[in-house]
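Each remark here refers to the structure printed beneath this line.
Derivation of every value follows stated rules applied to the coordinates shown; laboratory data play no part. Since the model is a prediction, treat every value here as computed from it, not as a measurement. Reconstructed Cβ throughout: ideal geometry from the backbone, glycine too, with neighbour counts over all protein chains shown.
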Amino acid sequence: MKSTGNTFLITGGGTGIGLALAQRWHDMGNHVIITGRRQQVLQDAVAGRERMTAYALDVTAPDAVDRFVQQVIADHPDINILVNNAGIFSAEKVTTRRDISDAERMIETNIVGPMRLTNAMIDHLSGQPNAALINVSSGLAFVPFPAAPTYSATKAALHAWTAAIRPLLKDKVEVIEIVPPQVQTELTPGQSQDANSMPLDAFADEVIALLHATPTPAEVCVERVRYFREAEAKGQFDEALQMLAQYS
């Protein structure tokens, strides 16, 4: 993957992992377009950065996605990298009957959203030089968090979907997966201050170093997430699952 001279489109780019990566790519000499639901957050994120642009977008709205893609390609015809980063998290208690609307929102945002936006962008990306599709999954794709079964399932689905389309897009669009551990963001209340979460800047710096190595890895796994990514292969899945279950 080329490290400079790209035009990135990053969903969920106004905060957290999306913003941290957007700023680093911008500083490396790329044009970066970020999207999110909250216009003011997006404007604050791009303030003072000449080659950063913001658009409000809700990836769960099919018509809005189609309109957005038409507009953003018209405005920025050189977009060559799509980063599906937007995601939401809700803890769940599944042992009794409940309202599953939060679960439905996670499915719509975390897996249908990336599929929808990729589908709308794929013809354009396929015609661009140095094109890449980057999907941000989670260590919970490999060892699910019992307190968040639907969130874990959406990330497992995103991992499988990413792996499945990689050979189909070979020689047209480079397909990459970033697999974060728990990072100090506001994905959940208080997580940004959690000493057990990986500091955001350290995570983003390690991702950039791994992502721009030669050759580009198909999966970008910082050292801190490898225990979960490799748990099943190393016979540690049950141990890792029981560890996570303690927090449920």
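If you fit an axis through the alpha-carbon atoms of helix 62-75 and take the longest principal axis of the Cα set of the chain, what angle between them do you get, 0 to 90°, nearest 10? Value to nearest ten degrees: 40. For segment 20-80, the alpha carbon positions stretch 33, 25, 16 Å along the principal axes, listed from largest to smallest.
Secondary-structure-derived ellipticity at 222 nm for the chain, considering helices only, amounts to -12000 deg cm²/dmol, per-run term -39500 (n - 2.57) for DSSP H runs with n ≥ 4.
Counting only Cα atoms, I'd like the Rg/Rh figure for segment 1-158, Kirkwood definition for Rh. Don't skip to the answer; put the middle values down first.
Values: Rg = 16.1 Å, Rh = 16.2 Å.
Answer for segment 1-158: 0.99.
Residue order for Asp123, Asp201, fewest other beta carbons within 10 angstrom first, comes to Asp123, Asp201.
Of all the options Pro149, Pro77, Pro215, the one that moves most in a Gaussian network model of the chain with Cα springs shorter than 10 angstrom is Pro215.
For Val220, the residues whose amide H sits under 5 Å from its own are Glu177, Ile178, Val179, ignoring neighbours fewer than 5 places away on the same chain, with H placed 1.01 Å from N. Near Ile34, the amide H atoms lying under 5 Å from its own belong to Ile10, Thr53, Ala54, Tyr55; only residues 5 or more places off or on other chains count, and H is placed 1.01 Å from N. Cβ-to-Cβ counts within 10 Å put Thr15, Thr4 in ascending order as Thr4, Thr15, the fewest first. Neighbour counts of C-beta atoms inside 10 Å place Arg229, Arg97, Arg49 in the sequence Arg97, Arg49, Arg229, starting with the fewest. The amide H of Ser197, built 1.01 Å from its N in the peptide plane, has no neighbour under 5 Å, considering only residues 5 or more places off or on other chains. With θ taken as phi - 60° and the Karplus curve 6.51 cos²θ - 1.76 cosθ + 1.60 applied, the whole-hertz 3J(HN,Hα) list for segment 95-102 is 7, 9, 4, 7, 7, 9, 4, 5 Hz, x standing for glycine and proline.
Sequence-distant contacts, meaning Cα pairs under 8 Å at least 6 residues apart, place the relative contact order of the chain at 18 percent.
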